[in-house]
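Down below is the structure, laid out as structure tokens.
The values are calculated or read from the model by the stated rules, or taken from the named source; none is laboratory data. As the structure is a prediction and not an experimental result, all values here were calculated from the model. FYI the Cβ positions are ideal-geometry reconstructions off the backbone, even for glycines, and counts take in every protein chain you see.
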């Protein structure tokens with residue numbers, strides 16, 4: 001069975017064009033506990049979780065939330081709850097709260113080359129905040145950190161090679177989906193990526209029964225995959241790509 005799964009690949013196709021593919025096993029992650037021992041599986045590798053390793057992940061995660069914060073006043077909307085339930089609304093519902101707000105462009109589902117630059121684009125006079133949003137500090141964080149790293153890698157390539165078409169295609173898709181462009185022209189939109197500092201934002205919301213702050217309470221968020229994904233993403237972003245800051249979205 002394992003031999004078979006190693007040969008399975010997931011392919012992405014846009015129209016008749018094959019765009020990318022990867023091994024099926026790279027899309028799996030898991031975390032198990034058995035008779036007091038724990039392990040998690042990520043990127044086709046198993047990690048045995050020892051106390052010292054867990055303590056290190058907790059300390060690193062606490063440090064990231066404490067020292068790399070998104071400036072106040074940027075993400076101002078609370079995360080909504082689905083009517084009649086205690087469940088958090090979907091990400092796109094949260095993202096669309098910023099559509100048309102001065103300084104914000106919603107980039108959710110804008111996929112030039114099938115790579116989402118970010119969910120929400122926040123613009124200041126000298127800086128661009130590329131905000132990636134996903135609720136729950138659980139194993140789902142792995143998906144969020146992968147999105148951030150893929151985006152940062154592609155953005156770096158586009159800026160380095162001055163690939164203007166990448167940004168022009170983004171702008172065209174925003175208009176096609178009838179999202180607000182704040183009256184920026186295509187040229188103004190493209191130039192922002194070359195004229196302003198770029199900062200990535202990791203934004204999440206608590207999945208616990210109470211809206212508990214992650215900072216200061218990392219131990220109560222049990223997912224080692226979430227801790228591992230955030231710490232490795234944070235290190236890779238700062239050493240290879242752009243600054244990355246953190247924000248916990250309050251629940252509404």
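When the residues of the range 89-107 are narrowed to those that are assigned to a helix (DSSP H, G or I) and free of Cβ contacts under 8 Å to residues at least 60 places away in the same chain, which ends up farthest from residue 178 (Cα to Cα)? Result: 91.
Condition check ((1) touching a strand residue (DSSP E or B) at 6+ places or on another chain (Cβ under 8 Å); (2) part of a loop (DSSP other than H, G, I, E, B)) across all residues:
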position	(1), (2)
150	no, no
166	no, no
174	yes, no
178	no, yes
182	yes, yes
193	yes, no
201	yes, no
219	no, no
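Only residues that are touching a helix residue (DSSP H, G or I) at 6+ places or on another chain (Cβ under 8 Å) and more than 11 Å from residue 169 (Cβ to Cβ): list them for the range 106-121, please. Within the range 106-121, 106, 107, 108, 109, 116, 118, 119, 120 qualify. Scan the range 68-88 and tell me whether some residue there is in a strand (DSSP E or B), within 23 Å of residue 28 (Cα to Cα) and within 19 Å of the chain's Cα centre (by Cα). No, there is no match, as no residue in the range 68-88 is in a strand (DSSP E or B), within 23 Å of residue 28 (Cα to Cα) and within 19 Å of the chain's Cα centre (by Cα). When the test is whether a residue is outside any helix (DSSP H, G or I), within 26 Å of residue 141 (Cβ to Cβ) and assigned by TED's automatic domain parsing to the domain that holds residue 122, residue 215 passes it.
Among all positions in the range 32-42, there is no residue which is outside any loop (DSSP other than H, G, I, E, B), assigned by TED's automatic domain parsing to the domain that holds residue 145, surrounded by fewer than 17 Cβ atoms within 10 Å (Cβ to Cβ) and in contact (Cβ under 8 Å) with a residue 12 or more places away in the chain.
With 175, 169, 180, 209 as the choices, which residue is free of Cβ contacts under 8 Å to residues at least 40 places away in the same chain and assigned by TED's automatic domain parsing to the domain that holds residue 98?
175
Condition (residue is in contact (Cβ under 8 Å) with a residue 12 or more places away in the chain, under 20 Å from residue 113 (Cβ atoms) and surrounded by 20 or more Cβ atoms within 10 Å (Cβ to Cβ)) applied to the range 195-204: is it met by at least one residue? Yes, the range 195-204 contains at least one residue that is in contact (Cβ under 8 Å) with a residue 12 or more places away in the chain, under 20 Å from residue 113 (Cβ atoms) and surrounded by 20 or more Cβ atoms within 10 Å (Cβ to Cβ). Quick one: is residue 188 in contact (Cβ under 8 Å) with a residue 24 or more places away in the chain, within 26 Å of residue 97 (Cα to Cα) and either exposed (fewer than 15 other Cβ atoms within 10 Å of the Cβ) or in contact with a helix residue (DSSP H, G or I) (Cβ under 8 Å, 6 or more places away or on another chain) (or both)? Considered against the rule, which asks whether it is in contact (Cβ under 8 Å) with a residue 24 or more places away in the chain, within 26 Å of residue 97 (Cα to Cα) and either exposed (fewer than 15 other Cβ atoms within 10 Å of the Cβ) or in contact with a helix residue (DSSP H, G or I) (Cβ under 8 Å, 6 or more places away or on another chain) (or both), residue 188 comes out as no.
Here residue 135 meets each of (1) assigned to a loop (DSSP other than H, G, I, E, B); (2) over 21 Å from residue 168 (Cβ atoms); (3) over 13 Å from the mean Cα position of the chain (by Cα) with one exception, condition (3). In the set (1) crowded, with 17+ Cβ neighbours inside 10 Å; (2) within 21 Å of residue 124 (Cα to Cα), the condition left unmet by residue 237 is number (2). Considering each residue of the range 108-120 in turn, none proves to be under 18 Å from residue 222 (Cα atoms) and either touching a strand residue (DSSP E or B) at 6+ places or on another chain (Cβ under 7 Å) or in contact (Cβ under 8 Å) with a residue 12 or more places away in the chain (or both).
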